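Contents: one structure, followed by commentary.
Values in this text are rule-based calculations from the coordinates and carry no lab data. Values in this document were obtained by computation on a predicted structure and should not be read as measured data. Ideal geometry is used to build each Cβ from the backbone, glycine not excepted, and the neighbour counts take in all protein chains shown.
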There are 2 protein chains.
Amino acid sequence: MFQLAPELARDCFVVTELPLCRVLLMNDSQYPWLILVPKVEGTREIIDLSEAQQLQLWQESAQVSRILQSLFNADKLNVAALGNMVPQLHIHHIARFKTDVAWPKPVWGQHPAVAYSDDAAQALIEKLQQALN
Amino acid sequence: MFQLAPELARDCFVVTELPLCRVLLMNDSQYPWLILVPKVEGTREIIDLSEAQQLQLWQESAQVSRILQSLFNADKLNVAALGNMVPQLHIHHIARFKTDVAWPKPVWGQHPAVAYSDDAAQALIEKLQQALN
């Protein structure tokens, strides 16, 4: 049975469920940062998914990318499946700005996360849910 | 007309041409590191590609990932479209090992590249060409 990796459960809010993926919001107010986690037990690599699942993954990834673009008007999207620390397959989608604290470096390991306030998290999650559903 | 970004031309070898993408080998012997560059002028984001092109991109990405897995038996693949420094769309495919110099961090900006010797580059490119063609 699929179970979210404890590190992702600890660091993220659940936004919604898409057909293949659980959509998470990283609790780091420095960047709009969504994570797609395919709900398929034991998956580590994209190529571990079936062809149909990969197709679905990339459709959901494009949907999330378009939403990040339209809500935040990012200078650049960063889309990445790394997983060196948390091997459960998860695909980062991060709206990057030339003014953000890590620009132009990748965000990982650059700056400690700055949590959202409860109100800001709630408002952003609702906005994302409306866009995704 | 499509033209490879000068930074990619400078830092990489051309391995081969797939239907959508040029396949590059990063000249950094610390990691087996391939880059797919869709040969579509002016593309910055994955979602700038047509749906048919995105489908082709992910098929070529899966092909490259499977080859990295089978040739190098990596501990983890890192697949990422960042582009903060070089905005031309390019998708990194990096075979990572628990023993590599940057593990478990992402590779970007961690360690200066260590160029291949001419012989090592030639041998690796031929091996990759055989696997891809």
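Relative protection proxy for A:36-43, A:74-81, from highest mean packing down: A:74-81, A:36-43 (other beta-carbon atoms within 10 angstrom). Spin-label model, A:E7/A:A115: points 7 Å from Cα along the beta carbon direction are separated by 2.0 nm. Residue pairs exceeding 18 angstrom between C-alpha atoms, taken from B:K76/B:K105; B:K76/B:K98; A:K105/B:K98: A:K105/B:K98. Helical runs (DSSP H, four residues minimum) scored at -39500 (n - 2.57) apiece and divided by the length of chain A put the mean residue ellipticity at 222 nm at -10500 deg cm²/dmol.
For A:R44 and B:V40, a Förster radius of 45 Å and the Cβ-Cβ distance give a FRET efficiency of 0.90, rounded to the nearest 0.05. The amide H of B:K76, built 1.01 Å from its N in the peptide plane, has B:R96 as neighbours under 5 Å, considering only residues 5 or more places off or on other chains. For chain A, the relative contact order comes to 27 percent (Cα pairs under 8 Å, sequence separation of at least 6). Sequence-distant contacts, meaning Cα pairs under 8 Å at least 6 residues apart, place the relative contact order of the range A:76-133 at 22 percent.
For the pair B:E126 and B:S29, label points projected 7 Å from Cα toward Cβ lie 1.7 nm apart. Where the centre of each part is set by its Cα atoms, how far does the range B:1-71 sit from the range A:1-43, in angstrom? Here the answer is 27 Å between Cα centres.
At the listed q of 0.13, 0.18, 0.20 Å⁻¹, the Debye profile of chain B, built from one uniform point per Cα, gives log10 I(q)/I(0) equal to -0.51, -1.03, -1.28. Comparing mean-square fluctuations of A:P32, A:P106, A:P87 from a GNM of chain A with C-alpha springs under 10 Å, the top value falls on A:P106.
Let me check I've understood the local charge: for A:H111, count other residues with C-beta under 11 angstrom from its C-beta, Lys and Arg +1, Asp and Glu -1. What total comes out? Counting the neighbours of A:H111, the net charge comes to -1.
Note on chain B: GNM, Cα springs under 10 Å; of B:I91, B:I35, B:I47, the largest mean-square fluctuation is that of B:I47. The value obtained for the protein assembly as shown, namely the Cα convex hull volume divided by the number of residues, is 131 Å³ per residue. Karplus-based coupling profile of the range B:99-116, in residue order and whole Hz: 9, 7, 5, 9, 3, x, 6, x, 7, 5, x, 8, 9, x, 4, 10, 4, 5, with θ = phi - 60° in 6.51 cos²θ - 1.76 cosθ + 1.60 and x standing for Gly or Pro. Axis-proximal residue of chain A for the rotation onto chain B, reported as residue and distance in whole Å: A:A80, 2, based on Cβ position.
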